Amino acid sequence: MSDMSDLVGVLREQSGEFVALRRDIHRHPELGFQEFRTSDLVAQRLEEWGYEVTRGLGGTGVVGQLRRGNGQRRLGLRADMDALPIHEATGLPHASVHAGLMHACGHDGHTAILLAAARHIAQSVDFDGTLNLIFQPAEEGLGGAKKMMQDGLFERFPCDAIFAMHNMPGFPRGTLQLREGPTMAASENITITLRGVGGHGAMPHVAVDPVVAGSAIVMGLQTIVSRNVAPLQMSVITVGSFQAGMANNVIPHEAVLKLSVRSLDREVHQLLLRRIGELVDLQARSYGVEATVDFQGGYPVLVNTRAETDFARQVAVDLVGADLVTLQTDPLTGSEDFAFMLDEVPGSYLFIGNGDKATGGHGACMVHNPHYDFDDANIPVGAAYWSLLTQRYLAG
Ligand SMILES: [Zn+2]
Ligand SMILES: [Zn+2]
């Protein structure tokens, strides 16, 4: 135990440079697939510390590989690098210099944590095997993880297990939280276009009204959640946008509905998508309108595998003590594209507390809020977690 606490202490002593680096990345946020400056910075540091660096996977993705000994085990650690289209309101000295762009999800912190670990591991950690550090672009809705995989991530850099972490406002700083099994929801974006026949509002009988059809569809969709999905399974169908028409006395010829669909189970997800297709098709036909349903894809359910989650939990407990490690009871209805990687390779995704009310400050503010800021005190804790996890997983 004491040795492990020392590890956090050692990394805390080295963390000044990485706090500065995190704030530098924070000051220069870049949207998904445009992380040019950030990926340059990541690649340059990794090369400096002796990693073999590969760029271009998923556009701006970076992989740093370090091999030692003859060990056959291969470990992957992943951080995300992208920012959000939010106008920062923290007023901090390191606030974004780009109007309308902000690191409001802490990916600047995740990148700095993995870099701090990268240097410590390269300089001070003995291991036997292959370490792959994966810096991915475009986690925020654009599926950068999937793009890296389509560019051959796991064929070129095979991994026996992969791990990732995300900060979590509302939990005390430095606490670690994880959960086995489904942990974050699958999501799907769907656009439904209904085509009728436009006409005079006073003569509906010679028009085909897509607003009436669309209204019936909005109500019908909720019966999928209440009547088709088992009551104990989580599912959400939100119609976040319903656009049609401009004037009181005009029946529009078209209506467009935009949906967000969530679930925590692959089969439930398939059921939701299938029933949405069927219900829209049949409802539309019953009103005489034509419907197209465009499934735009989303993220799969994030499932933490048992053995890797047990392993990660043990690392966490040994590092910070059992009191600071919590087992997450409920899954989250948010989504995360690390789920694509976990669909192919076993592994586990963990949360690190970014601060609560007692801590105060910007760290307790929820992510995707213009007042949010990553808590730099987490850099040594996160980096120590990656270092110990690497040392254990790739023990000779
Ligand atoms: Zn986010
Ligand atoms: Zn995030």
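Listed values, structure above:
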| quantity | calculated |
| --- | --- |
| Burial order of peptide ranges 370-382, 198-210, 270-282, 132-144 (average beta-carbon count within 10 Å, highest first) | 132-144, 370-382, 270-282, 198-210 |
| Relative contact order (%) - criterion: Cα under 8 Å, at least six apart; region: segment 57-163 | 49 |
| Accessible surface of the chain, 1.4 Å probe, proportion on carbon and sulfur as whole % | 52 |
| Helix-only [θ]222 nm of the chain, DSSP H runs n ≥ 4, -39500 (n - 2.57) each, per residue, nearest 500 | -11000 deg cm²/dmol |
| Label point distance in nm, ARG55-ALA216, each placed 7 Å from Cα along Cα→Cβ | 5.7 |
| Peptides ranked, highest mean first, by Cβ atoms within 10 Å: ranges 386-393, 186-193 | 386-393, 186-193 |
| C-alpha long axis of helix 210-223 to longest principal axis of the chain, angle in ° | 50 |
| Mean separation of Cα contacts under 8 Å, 6 or more apart, over the residue count of the chain: relative contact order % | 26 |
| Accessible area per residue in Å² at 1.4 Å probe, computed on segment 245-329 | 53 |
| Per-peptide average of other Cβ atoms within 10 Å, ordering 321-328, 17-24 highest first | 17-24, 321-328 |
| Dimensions (Å) - the chain, Cα atoms, principal axes, largest first | 79, 43, 42 |
| Cα long-axis angle, helix 36-48 against the chain (0 to 90 degrees, to the nearest 10) | 20 |
| Heavy-atom surface of segment 6-107, accessible at 1.4 Å and reported per residue (Å²) | 43 |
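The values are calculated or read from the model by the stated rules, or taken from the named source; none is laboratory data. Nothing here was measured: the structure is a model prediction, and the numbers come from that model. Neighbour counts are summed over all protein chains in view; Cβ atoms, including those assigned to glycine, are modelled from backbone coordinates with ideal geometry. To get the accessible areas, we keep the full protein, side chains included, count just its heavy atoms, and leave off ligands, DNA and RNA. Shrake-Rupley method; radii C 1.70, N 1.55, O 1.52, S 1.80 Å.
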